[in-house]
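Notes follow once the structure below has been shown.
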Amino acid sequence: MNSEPGLPGRSVVLGVSGGVAAYKSAELARLLVKEGARVRVVMTEAATHFIGAATFQAITGEPVWTDPWDVRMPNGMAHIDLTRDAQLLLIAPATADCIARLAHGRADDLLGMLCLARDATCALMVAPAMNRQMWEHPATRRNVATLAGDGVAIVGPAAGEQACGEVGQGRLVEPAQLLSAVLTHFTPKTMAGKRVLITAGPTAEPIDPVRVISNLSSGRMGYALADEAAKAGACVTLVSGPTALDTPYGVERVDVGSAQAMHEAVLRRLHECDVFISVAAVADYRPAVTSGQKIKKSADTLNIELVRNPDILADVAARADAPFCVGFAAESRDLDAYAQGKRAAKKLPLVVGNLVADGLGGADTQVVLYDAQGRHPLARAPKPAVARSILDHISKLMAD
Ligand code: C5P
């Protein structure tokens, strides 16, 4: 989703151990490089049976390291030097054997040595991948607990179909999600401890079993806010209407269809949130009745009676125990007047306004923030960058 590099100036050592999922590490290396990171790959001997060093060398533009006796480093000590200017050592995939060796502090291969020799400025993140029985084995559980106790970040594994044909937990977390974990690691935790509830996307108001009334909202702005808030350390719940977007890393997602379902889902979770950001393009009206059967075409015209939907944001903001509420106003004209009017009518500390021609459904947007101090226009930018500015503004208002 991000269109500006998120890791410029960062240096990552990517450790690859010998599992089938090693082929996914090539994609991970590509994503890290695309984000502007310097990536140096260290492979175990077993990993070289699954994927060639030349692949990583071509993707990263850096020599690949496997042998502890390799003397290409200026002082001939790859096991020390490789992590000295790196801020992160990420092992993906980390096999059961690799994890066991780390847990016991083994240093009989280059990757093991690096893990021991790294200093406090280089964090260690491990993405396990193995057969589900190996993952569930008490020995692996003990080893993973040991690593976690040593301050190692464990990402995954994911559940699903495995290379061996079995189904369960043990898949390597997908490269895009691993990249999110890395970006999260490097993002300052400006929202640590904050609980944020966000609505996003359109709603779908059923006419009959196959038809709905909906709108053109893509959900991208709400998802970008959820993603950026989670990266900044917030605990985020995303109540989402129908979208084609992936759930941001570390975000709890609740899928809903209609405005009424969204209303219920929000009210149920309200007691556990400090900030409510209402980005969803909630349908103002729904069909008065939903036909149980598919409506057949017969007459030349068809009238559908519509009734008002609950205003979720207004309901939340009116509560005595209301969290910090942020509204959105997408208007086709007179943005200042409508957005400020909405802020006053719904008693909101902040409204984010945009002209629909400037943002609805697209990757970029141009918004104006309206608060008690007045209007604060933001430059046109990709939605993740706009999301960060909005979250900064929210943090500032909450601190005041
Ligand atoms: O009044 P209007 O619909 O333009 O207000 C837009 C804001 O109110 C958005 O933040 C939207 O998410 C929220 N809203 C809502 N429930 C509705 C209609 C709008 O929460 N039924």
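I need a count of the residues in region 185-205 that are within 16 Å of the ligand (Cβ to nearest atom) and either touching a Pro at 6+ places or on another chain (Cβ under 6 Å) or in a strand (DSSP E or B) (or both).
If we filter region 185-205 for residues that are within 16 Å of the ligand (Cβ to nearest atom), which is where we start, we get 196-205.
With either touching a Pro at 6+ places or on another chain (Cβ under 6 Å) or in a strand (DSSP E or B) (or both) added as a condition, the list becomes 196-200, 202, 204-205.
Residues that pass the stated criteria total 8.
Quick check: anything in region 168-175 in contact (Cβ under 8 Å) with a residue 24 or more places away in the chain, more than 16 Å from the ligand (Cβ to nearest atom) and among the acidic types (D, E)?
Among the residues of region 168-175, at least one is in contact (Cβ under 8 Å) with a residue 24 or more places away in the chain, more than 16 Å from the ligand (Cβ to nearest atom) and among the acidic types (D, E), which makes the answer yes.
Among the numbered criteria (1) within 12 Å of the ligand (Cβ to nearest atom); (2) within 23 Å of V236 (Cα to Cα); (3) surrounded by 19 or more Cβ atoms within 10 Å (Cβ to Cβ), which one does A339 miss?
Every condition holds for A339 apart from (2).
Got at least one residue in region 263-279 being aromatic (F, W, Y), within 15 Å of the ligand (Cβ to nearest atom) and under 19 Å from P323 (Cβ atoms)?
Residues of region 263-279 aromatic (F, W, Y): 276.
The next check asks that each one be within 15 Å of the ligand (Cβ to nearest atom); those that pass are 276.
Keeping just the survivors that are under 19 Å from P323 (Cβ atoms) gives 276.
Yes: one or more hits.
Regarding region 308-320, can at least one residue be identified that is more than 10 Å from the ligand (Cβ to nearest atom) and either of a type in the set (D, E) or under 28 Å from T184 (Cβ atoms) (or both)?
The first filter runs over region 308-320 and keeps only residues more than 10 Å from the ligand (Cβ to nearest atom), leaving 318-320.
Retained after the next criterion (residues that are either of a type in the set (D, E) or under 28 Å from T184 (Cβ atoms) (or both)): none.
Checked region 308-320: no residue is more than 10 Å from the ligand (Cβ to nearest atom) and either of a type in the set (D, E) or under 28 Å from T184 (Cβ atoms) (or both).
What's the number of the only condition in (1) modelled with pLDDT under 95; (2) assigned to a loop (DSSP other than H, G, I, E, B) that A159 fails to meet?
Result: A159 passes all but (2).
Which residues, counting only those in region 36-58, are in a helix (DSSP H, G or I) and either hydroxyl-bearing (S, T, Y) or under 29 Å from the mean Cα position of the chain (by Cα) (or both)?
Taking region 36-58 as the starting set, the residues that turn out to be in a helix (DSSP H, G or I) are 46-49, 53-58.
A47, T48, T55, F56, Q57, A58, listed by residue number.
If G193 passes every condition in (1) among the small types (G, A, S); (2) touching a Gly at 6+ places or on another chain (Cβ under 9 Å); (3) open to solvent by less than 20 Å² (accessible area, probe 1.4 Å) but one, which one does it miss?
(3)
Scan R141, R118 and give me the residue that is of a type in the set (K, R), within 29 Å of the chain's Cα centre (by Cα) and modelled with pLDDT of 95 or more.
Working: R118 fails: modelled with pLDDT of 95 or more.
When all the criteria are applied, what remains is R141.
Conditions first: (1) assigned to a helix (DSSP H, G or I); (2) in contact with a helix residue (DSSP H, G or I) (Cβ under 7 Å, 6 or more places away or on another chain). M125 passes all but one, so which condition is the exception?
For M125, the failing item is (1).
State whether one or more residues within region 215-233 are in contact (Cβ under 8 Å) with a residue 12 or more places away in the chain, on the phi > 0 side of the Ramachandran plot and open to solvent by less than 50 Å² (accessible area, probe 1.4 Å).
Of region 215-233, the ones in contact (Cβ under 8 Å) with a residue 12 or more places away in the chain are 215-233.
Narrowing the set further to residues that are on the phi > 0 side of the Ramachandran plot leaves 219, 233.
So of that shortlist, the ones also open to solvent by less than 50 Å² (accessible area, probe 1.4 Å) come out as 219, 233.
Yes, region 215-233 contains at least one residue that is in contact (Cβ under 8 Å) with a residue 12 or more places away in the chain, on the phi > 0 side of the Ramachandran plot and open to solvent by less than 50 Å² (accessible area, probe 1.4 Å).
Just to be sure before I move on: is L313 aliphatic (A, V, I, L, M) and under 19 Å from P202 (Cα atoms) in the structure I sent? Before you say what the answer is, go through the steps one by one.
Numbers: aliphatic (A, V, I, L, M): yes; under 19 Å from P202 (Cα atoms): yes.
Spelling it out, L313 is indeed aliphatic (A, V, I, L, M) and under 19 Å from P202 (Cα atoms).
Hey, can you tell me all the residues within region 271-320 that are in a strand (DSSP E or B), of a type outside the set (S, T, N, Q) and within 30 Å of the chain's Cα centre (by Cα)? Let's see the steps before the verdict.
First pass over region 271-320, keeping only residues in a strand (DSSP E or B): 275-278, 281, 285-287, 306-308.
Those left that are additionally of a type outside the set (S, T, N, Q): 275-277, 281, 285-287, 306-308.
If the condition is that a residue be in a strand (DSSP E or B), of a type outside the set (S, T, N, Q) and within 30 Å of the chain's Cα centre (by Cα), then V275, F276, I277, A281 are the ones that fit.
Do we find that D321 is at pLDDT below 95, charged (D, E, K, R) and open to solvent by 60 Å² or more (accessible area, probe 1.4 Å) in this structure?
Details: at pLDDT below 95: yes; charged (D, E, K, R): yes; open to solvent by 60 Å² or more (accessible area, probe 1.4 Å): yes.
Yes: the conditions hold for D321.
For region 90-108, which positions are of a type in the set (A, V, I, L, M) and surrounded by 24 or more Cβ atoms within 10 Å (Cβ to Cβ)? Reasoning before the result, please.
Within region 90-108, the subset of a type in the set (A, V, I, L, M) is 90-92, 94, 96, 99-100, 102-103, 107.
Result: L90, I91, A92, A94, I99, L102.
Identify, by number, the condition in (1) surrounded by 21 or more Cβ atoms within 10 Å (Cβ to Cβ); (2) not in a strand (DSSP E or B) that G362 doesn't meet.
(1) is the only condition that G362 fails.
I'd like the full set of residues that are charged (D, E, K, R) and open to solvent by less than 30 Å² (accessible area, probe 1.4 Å), limited to region 371-385. Give the steps one after another, and end with the answer.
The initial filter retains those residues of region 371-385 that are charged (D, E, K, R), namely 371, 375, 380, 383.
D371, K383, listed by residue number.
The values are calculated or read from the model by the stated rules, or taken from the named source; none is laboratory data. Since this is a predicted model, take the numbers as computed values, not measurements. Neighbour counts run over all protein chains shown; Cβ positions are idealised from the backbone, glycine included. These area figures cover heavy atoms from the full protein model, side chains too; ligands, DNA and RNA do not enter into them. Shrake-Rupley method; radii C 1.70, N 1.55, O 1.52, S 1.80 Å.
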